[in-house]
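To start, the structure under review is shown below, and the notes come after it.
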Amino acid sequence: MKLSVIIPAYNAAATLGEALCSVEQQHVQPFEVVVVNDGSTDETAAVIQSFMDRLPLVCVDQANAGLGAARNAGMRAAKGDAWVFLDADDVWGSNKLAHARDYLMRFPDVQWFYTPIFEWSPGDAGARMRERACPKIRTVEDFLAFNPIVPSTCSIERCMCIVTKELLGCISHSNSCAILTRNSPPGRDCRL
């Protein structure tokens, strides 16, 4: 399974290098790493350039359009079988991509999943890594009320559909999107 890592980045020069290092240190290497430079005015482009020989990087440059639009641009550019998201100010443990690949292959009927997130306070010498507190989620209502999903924990098969709110007849000036599942062969590009 070819995994495409998607990293939206806006003025992320201070943190993007560490995020890319965490991708570089994966036990399973990605097929590609798509970094979307979302109109950054700092040194984000230079950080991306410094990793071009170290990772299979694809850089997408665009005018600043916001986080959702940057993720969507990354999904459009990605060529792998599955999207694995990483925010420019987050890092992964070294087995993240191995787990993503293994679970997506072991459970072919599952089109997306998320994993726990661990937090710590950078610069705090006594800081301990801790799993993010999450109340027990027993119902759909619990899930919607708390929304435990953090983008950097998500892995999604490419056969998911992206439908803009304009297509759904919703607020036409919003650039956010809804992701809907669709039963189609893995790897099929079914964007509308």
- Message: Restricting to the range 59-69, name every residue that is in contact with a Gly (Cβ under 9 Å, 6 or more places away or on another chain) and either of a type in the set (Asp, Glu) or not in a loop (DSSP other than H, G, I, E, B) (or both).
- Response: VAL60, ASP61, GLN62
- Do we have GLY74 as over 15 Å from the mean Cα position of the chain (by Cα) and in a helix (DSSP H, G or I) here? no
- Pick from the range 10-57, criterion in contact with a Gly (Cβ under 9 Å, 6 or more places away or on another chain) and aliphatic (A, V, I, L, M), ranking: farthest from ASP89 (Cα to Cα): VAL34
- Query: So which residues in the range 84-112 are out of contact with any helix residue (DSSP H, G or I) (no Cβ under 6 Å at 6 or more places or on another chain), of a type in the set (A, V, I, L, M, F, W, C) and not in a loop (DSSP other than H, G, I, E, B), if there are any at all?
  - Reply: LEU97, ALA98, ALA100, LEU104, MET105, TRP112
- Can you spot a residue in the range 92-99 that is at pLDDT below 90 and either under 30 Å from ALA65 (Cβ atoms) or touching a strand residue (DSSP E or B) at 6+ places or on another chain (Cβ under 7 Å) (or both)? yes
- Message: List pairs: first residue in the range 63-77 and free of Cβ contacts under 8 Å to residues at least 60 places away in the same chain, second residue in a loop (DSSP other than H, G, I, E, B) and aromatic (Phe, Trp, Tyr) anywhere in the structure, Cβ distance under 8 angstrom, at least six positions apart or on different chains.
- Response: ASN64/TYR10; LEU67/TYR10
- Message: Let me confirm something: among PHE107, PHE51, which residue is touching a Leu at 6+ places or on another chain (Cβ under 9 Å) and either of a type in the set (Val, Ile, Thr) or over 17 Å from PRO151 (Cα atoms) (or both)?
- Response: PHE51
- Mind listing just one residue for me: the one in the range 27-55 that is under 17 Å from LYS96 (Cα atoms) and over 15 Å from the mean Cα position of the chain (by Cα) and, of those, surrounded by the most Cβ atoms within 10 Å (Cβ to Cβ)? LEU55
- Kindly indicate whether ALA19 is assigned to a loop (DSSP other than H, G, I, E, B), surrounded by 23 or more Cβ atoms within 10 Å (Cβ to Cβ) and either touching a residue at least 12 places away in the same chain (Cβ under 8 Å) or of a type in the set (Lys, Arg) (or both). no
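The values are calculated or read from the model by the stated rules, or taken from the named source; none is laboratory data. Just so it is clear, the model here is predicted, and its values are computed rather than measured. Every residue, glycine as well, gets a Cβ built from its backbone with ideal geometry; the counts of neighbours run over all protein chains shown.
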